[in-house]
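A quick write-up on the structure given underneath.
The values are calculated or read from the model by the stated rules, or taken from the named source; none is laboratory data. All figures in this text were calculated on a predicted structure; none of them were measured in a lab. Cβ placement follows ideal geometry from the backbone for every residue including glycine, while neighbour counts extend to all protein chains displayed. Please note that ligands, DNA and RNA were not included when accessible areas were found on the heavy atoms of the full protein model with its side chains. Shrake-Rupley method; radii C 1.70, N 1.55, O 1.52, S 1.80 Å.
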Amino acid sequence: MPTAQEIALRPHHLAALRFLAKGPDRIRLIEDDNTFAAALTYCQLRDLGFVTIDNDDGMLVTITPAGLAAIAEVE
């Protein structure tokens, strides 16, 4: 798997990973641009293998061990 530096994570990706390192996030309804941007960022991170998304009751986003490692690599 490529490292965080090889993927060139953007600042908003790192901010989202740092936020998720404190606990999972759930998006139930997208009502504004900020929530929409967060959902898109989470989908990008999912495609990179840094988060998982469970869609049973809204969008439950949880960081993966690879996401935690990506934070450690850039700090």
- Multiply the residue separation of F19 and D32 by 0.36 nm, subtract the distance between their alpha-carbon atoms, and state the gained length in nm to one decimal. 2.8 nm
- Query: Taking a probe of 1.4 Å, how large is the accessible area per residue of the chain, in Å²?
  - Reply: 63
- Item | Under 18 Å from the R46 label point (7 Å along Cα→beta-carbon), backbone N, the range 61-75 | 61-68
- Task: Could you size up the charge dipole of the chain around its Cα centre, putting +1 on the beta carbon of Lys and Arg and -1 on that of Asp and Glu, and report it in debye to the nearest 20?
- Result: 140
- Bounding extents of the chain in its principal axis frame from Cα atoms, largest first in Å, are 33, 22, 21
- At a 1.4 Å probe, what is the % contribution of carbon and sulfur to the accessible area of the range 30-73? 53
